[in-house]
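The values are calculated or read from the model by the stated rules, or taken from the named source; none is laboratory data. Since we're looking at a predicted model, the values are computed, not measured. With ideal geometry, Cβ positions are generated from the backbone for all residues, glycine too; neighbour counts draw on all protein chains shown.
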Amino acid sequence: MRLSRYFLPTLKENPAEAQIVSHRLMLRAGLVRQASAGIYSWLPLGFRVLKRIEQIVREEMDAAGCHEVLMPTIQSADLWIKSGRYNDYGKEMLRIRDRHDREMLYGPTNEELITEIFRSEVRSYRQLPRNLYHIQWKFRDEVRPRFGVMRGREFLMKDGYSFDVDFESARKSYDAMFVAYLKTFRRMGLTPIPMRADAGPIGGDLSHEFQIVAETGESAVFYDTDLVELIEQGELDADRLKSLYAATDDKHDPKTCPVPPERLGTARGIEVGHIFYFGTKYAEPLGATVTDADGNQVPIHGGSYGIGVSRLVGAIIEAGHDDAGIVWPESVAPFKVGLINLKADDPATTAAADGIYDRLRGSGVPVLYDDRDERAGAKFADMDLIGLPWQLTVGPRGLKGGVVELKRRAGGERNELSIDAALARLCG
Ligand code: 5CA
């Protein structure tokens with residue numbers, strides 16, 4: 001992509017309305033713009049990141065045996081009245097009336113609708129277990145939307161739903177999601193800490209939140225530092241990880257906390273995922289039953305599993321930035337390489353940079369090419385701000401000696417290399 005033709009409105013100054021670093025950087029790096037309170041438009045660079053995060057989530061869900069569907073954003077109130085949640089959700093739910101005066105709503109989550117789909121199609125325990133998910137926009141009329149995409153009113157969520165014939169089988173489905181979540185967040189360069197949690201309005205009695213440690217997190221978190229070490233080492237045994245202590249402030253009690261003070265980590269956390277086992281809470285009111293192995297009609301045991309896809313964009317920035325801007329992990333970066341032409345008005349430099357651009361694209365490497373006629377300082381500042389993992393700088397002085405400069409955004413390490421050597425590094 002040539003920057004001269006791209007839509008990348010960066011800002012030099014910090015926007016006054018942004019209180020936390022990820023929000024500031026998302027506005028400054030031209031990832032999003034606010035449309036109204038808690039509602040954002042995704043500009044090209046931000047949209048690329050959102051899509052990459054979505055794709056990692058999708059791949060890990062598919063690898064865990066889940067099937068992707070797409071349910072609508074607008075739902076009829078009927079099923080919610082049946083489940084009893086139409087009133088429980090209160091003002092957070094955006095309620096709409098259509099032209100026939102029918103009560104509709106913009107979905108804050110989808111337990112009712114997916115249970116209804118199952119109820120209509122599935123009759124026998126032989127058709128279980130199943131796990132369906134979708135990645136769809138949600139609306140919750142939060143009292144205090146804030147911190148940009150972190151607590152929005154409209155936000156993109158992956159919500160998945162498991163269906164099992166009994167508790168034992170449902171627990172296995174739950175643990176499979178527990179592990180898939182660890183893998184998902186690890187692939188984004190994050191260290192997720194699973195914490196036993198309250199189930200809230202979703203209901204049920206087995207629930208974990210996945211929290212990312214960040215100064216600007218909304219809740220205080222307390223955890224056994226051994227747990228974090230195990231996660232960093234790649235441990236994926238759900239029982240082992242669940243046996244170690246981790247709790248948010250509403251569950252943490254210093255009097256009963258089993259972890260000795262020297263092993264108790266305290267920090268603030270951002271909730272990027274939340275999983276719930278809720279048993280037959282929705283199956284019973286909605287009449288979702290199957291015949292079991294003995295021929296009895298039994299209600300389906302369910303679980304629901306959410307990931308804040310749009311929130312993750314902010315959370316990843318909170319976890320990876322420095323004074324100059326964003327530092328994307330390669331797995332979610334909008335482009336792998338930022339190619340800088342230091343002297344766009346010099347034909348020899350431009351010919352060399354154009355050639356490198358063509359070769360990178362020919363090898364399938366996503367590259368953003370700064371071919372603008374701008375000052376070098378402005379180009380470096382913009383490139384640091386948008387945080388692409390590699391910066392490749394082509395200038396007349398280097399070219400005389402047959403070299404270009406390759407800089408790693410994370411850590412800032414620089415190397416002068418021949419064009420071929422630089423391309424070999426980036427195309428590998
Ligand atoms: N039905 C369940 C699981 S599918 C559910 O809705 N769970 S949730 O309420 O915990 O939301 C799942 C995830 O969505 C949260 O962990 C969080 O990462 C994200 N999320 C929730 N509310 C918001 C919001 N207002 N803005 C951005 N992300 C949000």
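For the stretch 1-33, how many residues are farther than 18 Å from A214 by Cβ, polar (S, T, N, Q) and touching a helix residue (DSSP H, G or I) at 6+ places or on another chain (Cβ under 8 Å)?
Total satisfying the criteria: 2.
Restricting attention to the stretch 100-145, which residues are touching a Gly at 6+ places or on another chain (Cβ under 8 Å) and more than 28 Å from Q55 (Cβ to Cβ)?
The answer is R119, and nothing else.
Every residue, every condition in (1) within 19 Å of S310 (Cβ to Cβ); (2) of a type in the set (S, T, N, Q), yes or no:
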{"residue": "Q75", "(1), (2)": "no, yes"}
{"residue": "E92", "(1), (2)": "yes, no"}
{"residue": "L128", "(1), (2)": "no, no"}
{"residue": "R151", "(1), (2)": "yes, no"}
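Taking the criterion of being touching a His at 6+ places or on another chain (Cβ under 9 Å), surrounded by 23 or more Cβ atoms within 10 Å (Cβ to Cβ) and part of a helix (DSSP H, G or I), would at least one residue in the stretch 128-141 satisfy it?
Within the stretch 128-141, not a single residue is touching a His at 6+ places or on another chain (Cβ under 9 Å), surrounded by 23 or more Cβ atoms within 10 Å (Cβ to Cβ) and part of a helix (DSSP H, G or I).
Counting only residues that are assigned to a strand (DSSP E or B) and at pLDDT below 95, how many does the stretch 83-110 have?
Adding up the residues that qualify gives 0.
Which ones in the stretch 159-190 are of a type in the set (D, E) and within 13 Å of the ligand (Cβ to nearest atom)?
D159 - this is the single residue of the stretch 159-190 that is of a type in the set (D, E) and within 13 Å of the ligand (Cβ to nearest atom).
Does the stretch 95-112 hold any residues that are crowded, with 18+ Cβ neighbours inside 10 Å and not small (G, A, S), and which are they?
L105, Y106, P108, T109, N110, E111, E112
If I ask for residues that are in a helix (DSSP H, G or I), among the basic types (K, R) and either over 23 Å from A348 (Cβ atoms) or touching a Phe, Trp or Tyr at 6+ places or on another chain (Cβ under 8 Å) (or both), which ones from the stretch 378-424 would you list? Before the answer, list the steps.
Step one: of the stretch 378-424, the residues in a helix (DSSP H, G or I) are 378-386, 396-400, 419-424.
With among the basic types (K, R) added as a condition, the list becomes 379, 397, 400.
Matches in the stretch 378-424: none.
Being small (G, A, S) and within 16 Å of the ligand (Cβ to nearest atom) is the filter here, so list the residues in the stretch 27-61 that pass it.
A35, S36, A37, G38, S41, G46
Within the stretch 63-95, can you find the residues that are touching a residue at least 24 places away in the same chain (Cβ under 8 Å) and either of a type in the set (F, W, Y) or not assigned by TED's automatic domain parsing to the domain that holds Y133 (or both)?
Selection gives W80, Y89.
Can you tell me which of (1) part of a helix (DSSP H, G or I); (2) exposed (fewer than 12 other Cβ atoms within 10 Å of the Cβ); (3) at pLDDT 95 or above is the one W80 doesn't meet?
Every condition holds for W80 apart from (2).
When you look at G189, is it surrounded by fewer than 20 Cβ atoms within 10 Å (Cβ to Cβ) and at positive phi, yes or no?
Yes: the conditions hold for G189.
Looking at the stretch 14-26 only, could you name the residues that are within 15 Å of the ligand (Cβ to nearest atom) and either charged (D, E, K, R) or not in a loop (DSSP other than H, G, I, E, B) (or both)?
S22, H23, M26
Could you run through the stretch 139-158 and say how many residues are near the ligand (Cβ under 6 Å from one of its atoms) and either of a type in the set (D, E) or touching a Cys at 6+ places or on another chain (Cβ under 6 Å) (or both)?
Total satisfying the criteria: 1.
Could you list, in sequence order, the residues of the stretch 99-137 that are over 23 Å from I300 (Cβ atoms) and free of Cβ contacts under 8 Å to residues at least 40 places away in the same chain?
R99, H100, D101, R102, E103, M104, L105, Y106
How do the pairs read when you match residues in the stretch 42-62 that are crowded, with 19+ Cβ neighbours inside 10 Å with residues anywhere that are assigned to a helix (DSSP H, G or I) and modelled with pLDDT under 95, using Cβ under 8 Å and keeping only pairs 6 or more apart or on different chains?
Going by the 8 Å Cβ cut-off, there are no qualifying pairs.
Scan the stretch 345-389 for residues that are surrounded by 16 or more Cβ atoms within 10 Å (Cβ to Cβ), more than 23 Å from R48 (Cα to Cα) and among the hydrophobic types (A, V, I, L, M, F, W, C) and jot them down.
A352, A353, listed by residue number.
Among the residues of the stretch 221-228, is there at least one that is in contact (Cβ under 8 Å) with a residue 12 or more places away in the chain, more than 24 Å from I135 (Cα to Cα) and touching a His at 6+ places or on another chain (Cβ under 6 Å)?
Looking for residues that are in contact (Cβ under 8 Å) with a residue 12 or more places away in the chain, more than 24 Å from I135 (Cα to Cα) and touching a His at 6+ places or on another chain (Cβ under 6 Å), one finds at least one in the stretch 221-228, hence yes.
Please note which strands (runs of 3 or more DSSP E) are completely contained in the stretch 223-328 and include at least 1 residues that are within 16 Å of the ligand (Cβ to nearest atom) and in the same structural domain as I114 (by TED's automatic domain parsing).
246-248, 264-279, 301-308
Every residue in the stretch 366-377 that is outside any strand (DSSP E or B) and of a type in the set (A, V, I, L, M), please.
A376
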